1. Taking the stretch 334-371 only, how many residues are assigned to a loop (DSSP other than H, G, I, E, B), farther than 21 Å from His396 by Cβ and of a type outside the set (S, T, N, Q)?
2. Looking only at residues that are more than 18 Å from the chain's Cα centre (by Cα) and either in a strand (DSSP E or B) or β-branched (Val, Ile, Thr) (or both) in the stretch 238-252, which one is surrounded by the fewest Cβ atoms within 10 Å (Cβ to Cβ)?
3. Please note which helices (runs of 4 or more DSSP H) are completely contained in the stretch 76-155 and include at least 3 residues that are of a type in the set (Val, Ile, Thr).
4. Report the residue count in the stretch 253-270 for those that are of a type outside the set (Gly, Ala, Ser) and surrounded by fewer than 20 Cβ atoms within 10 Å (Cβ to Cβ).
5. Taking into account only those residues within the stretch 270-291 that are outside any helix (DSSP H, G or I) and out of contact with any Asp or Glu (no Cβ under 7 Å at 6 or more places or on another chain), which is farthest from Ser330 (Cα to Cα)?
6. Could you tell me whether the stretch 604-621 includes any residue that is under 19 Å from Gln339 (Cα atoms) and either outside the structural domain of Val541 (by TED's automatic domain parsing) or in contact with a Lys or Arg (Cβ under 6 Å, 6 or more places away or on another chain) (or both)?
7. Could you tell me whether Ile414 is farther than 23 Å from Ser254 by Cα, at pLDDT below 95 and of a type in the set (A, V, I, L, M, F, W, C)?
8. Which one of the conditions (1) touching a Leu at 6+ places or on another chain (Cβ under 9 Å); (2) of a type outside the set (A, V, I, L, M); (3) in a loop (DSSP other than H, G, I, E, B) does Arg47 fail to meet, given that it meets all the rest?
Amino acid sequence: MDNNRLSWMMGGEAGVGIMAADMVFSKTCTRGGLHIFSTVDYPSLIRGGHNVSHVQVDKEKVYSHAQQVDILVALNRETIDLHLDELSENAAIIYDGDNIELSYEDLKRQDVTLCNVPIGNLIKTNSLPKIVANTVALGASFGLVKYDLSILEGVLRDTYERKGESVVESNLKAAKAGFDYTAKNYAGTFTRSISPIHHPSGGTVGNSGTDDTGKKDVTTEKRMVITGNDAIAMAAIRAGLKFYSAYPMTPASSILHFLAAHERRFGYIVKQTEDEIAAINMAIGASYAGVRSMTGTSGGGFSLMSEALGLAAITETPLVAVWGQRPGPSTGLATWTEQSDLRFALSASQGDFQRIVMAPGDASECFYETIRAFNLAEKYQVPVIIMTDKYLAESHESVDIFDTSSIKIDRGDIIAPTDENEDVQNSYFKRFALTDSGISPRAFPGAHAGLVRVESSEHDEYGDYTENEDLRQAMVDKRFAKFDGVLSDLGEDAIKIMGEGTENETQKNENKNAITMISWGSIKGPIKEASKLLANDGILVRHAHVLYINPFDTKKMESIIKSADTTILVENNKGAQLGGVIKEKTGLDVDHTLLKYNGREFYPEEIYRKVKEIVGAVEAKS
């Protein structure tokens with residue numbers, strides 16, 4: 001049994017601090033040098049409902065959470081009823097027996113360790129407020145797995161210090177009470193444990209921390225615990241964002257929250273608008289005026305934004321838009337996840353025009369690709385849509401501090417401001433000059449480069465309205481010509497090849513049942529975890545992660561499919577939307593599909609079982 005790998009879950013009613021506990025648990029593990037991936041599920045209710053946090057802990061990099069749960073912290077009976085079937089072999093349940101009646105007869109299995117922790121009584125004995133019940137349960141969890149209490153105490157102090165010393169002390173006492181109770185009463189009854197690889201104070205644990213040369217090991221470096229939305233917001237700041245406008249809509253709202261919290265520190269403007277129509281139009285206006293701008297929403301909000309997307313296209317105004325997907329149609333499942341908006345993103349708004357559509361797969365890609373999105377938007381003067389989903393947008397992941405040393409800002413072909421000159425000021429600027437590349441120089445109003453005219457109808461090179469048929473065709477061709485250069489800029493990043501067996505072709509050829517999985521967006525993580533499980537069974541998996549869906553790297557996808565023994569498309573939607581794009585662009589079909597559209601993300605085990613099924617079928621035929 002791997003004692004530095006743990007799946008931990010806490011559940012209870014909304015309002016009992018499930019999300020706060022998720023963050024504290026995740027940071028406590030990360031500060032000890034471990035890796036985490038966590039997700040929080042909650043219903044679309046103003047008040048009440050079942051909330052649950054699920055954290056996967058590992059000494060190695062972890063990319064998604066597992067299907068089974070090793071420790072279930074139940075703050076109410078409903079949590080046990082809903083998640084009992086998810087318990088792994090020899091799992092543990094932490095619960096308060098004074099409030100929850102539980103027995104082995106109820107569970108109908110004898111391998112589970114029942115940890116009856118009198119949370120309410122511990123709170124009363126220590127004269128603590130009821131609100132710290134989640135912290136008592138956190139302490140009990142770490143006591144059960146024999147983790148370092150001092151690391152938990154450090155995280156609690158950092159988390160609650162802004163609320164005053166009395167709040168800090170209450171949480172410290174609560175954590176210690178829970179920790180001491182399980183450490184004393186359940187020592188040796190639970191077989192799993194997790195140990196810090198290093199201590200945040202600088203000391204190392206065991207043989208980890210330094211190599212033979214005395215240099216610091218990578219496991220001791222500081223890491224962040226962030227969501228995909230956090231990474232996008234951080235990247236926007238680093239890219240030079242000056243204006244963000246949005247109307248709150250799950251799962252994009254936390255970008256608005258993050259950016260608003262740091263507005264004064266980094267010197268940009270955040271505007272919560274009255275609706276999504278205003279949000280995108282304000283972002284377009286800010287970009288037209290000469291600053292880097294961004295907006296964000298979900299599918300329902302983008303339905304309102306779609307007309308203005310066309311405005312950005314015909315005026316060739318750079319725009320970055322974040323699209324956090326959730327199940328539809330209409331309100332659908334407002335707080336759950338899906339990948340069902342791809343076709344809409346590719347064709348939103350009327351008319352025939354291009355837009356860049358990308359789908360990062362993890363927090364690191366959210367950061368680096370958002371910076372690239374700003375560069376692409378300004379270089380090619382087009383809308384760039386960053387597609388995420390609830391799973392990626394709101395799940396927490398431990399990542400190394402981002403390396404910004406090689407980041408470059410490319411604002412494209414911008415005419416530098418000239419000295420004030422009456423002749424220049426009164427002349428018209430060729431904002432839409434016909435060029436071989438399709439990219440025209442930009443000038444900003446008031447920059448003394450001439451009069452900048454922009455027309456939302458078809459226009460000539462100066463921006464004046466026209467219905468001339470030759471000009472119309474020339475302008476459409478010009479706007480499409482820009483895309484000739486995008487794929488060359490992206491290079492190998494348009495479709496990333498990952499997985500076991502991709503570096504060693506001999507090894508791949510020896511595997512008769514080699515599988516190539518194709519996916520986009522957040523499924524990257526579950527496939528990476530599934531690939532580990534499959535590798536343990538001797539099955540090598542190649543993974544084609546489509547990072548840029550438009551423009552689409554047709555030649556590379558053709559090569560991927562034709563060189564594969566078996567292909568399997570994995571998507572969080574009913575219609576296999578990426579599969580449709582692949583068929584449209586290449587004329588090729590994939591061999592198998594694995595689709596999920598119940599509002600829940602993929603578990604690695606589901607992908608693992610599908611591949612095993614396919615391999616078994618192939619072996620049976622041979």
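The values are calculated or read from the model by the stated rules, or taken from the named source; none is laboratory data. Worth saying up front: this structure is predicted, and the values here are computed from it rather than measured. So basically every Cβ, Gly included, is an ideal-geometry build from the backbone, and we count neighbours across all protein chains shown.
1. Of the residues in that region, 6 qualify.
2. Restricting to residues being more than 18 Å from the chain's Cα centre (by Cα) and either in a strand (DSSP E or B) or β-branched (Val, Ile, Thr) (or both), the top hit is Lys242.
3. On the way: elements: 77-83, 104-107, 119-125, 133-144.
In the stretch 76-155, the matching helices (runs of 4 or more DSSP H) lie at 119-125.
4. Within the stretch 253-270, the first condition is being of a type outside the set (Gly, Ala, Ser), and the residues that meet it are 255-259, 262-266, 268-270.
Restricting the remaining residues to those that are surrounded by fewer than 20 Cβ atoms within 10 Å (Cβ to Cβ) gives 257, 262-266, 269-270.
Total meeting the criteria: 8.
5. Taking the stretch 270-291 as the starting set, the residues that turn out to be outside any helix (DSSP H, G or I) are 270-275, 290-291.
Okay, now just the ones that are also out of contact with any Asp or Glu (no Cβ under 7 Å at 6 or more places or on another chain), so 271-275, 290-291.
Numbers: Lys271: 25, Gln272: 22, Thr273: 21, Glu274: 19, Asp275: 16, Gly290: 35, Val291: 33 Å.
Of everything passing the filter in the stretch 270-291, Gly290 is farthest from Ser330 (Cα to Cα).
6. no
7. On the way: farther than 23 Å from Ser254 by Cα: yes; at pLDDT below 95: yes; of a type in the set (A, V, I, L, M, F, W, C): yes.
So Ile414 passes the test.
8. (1)
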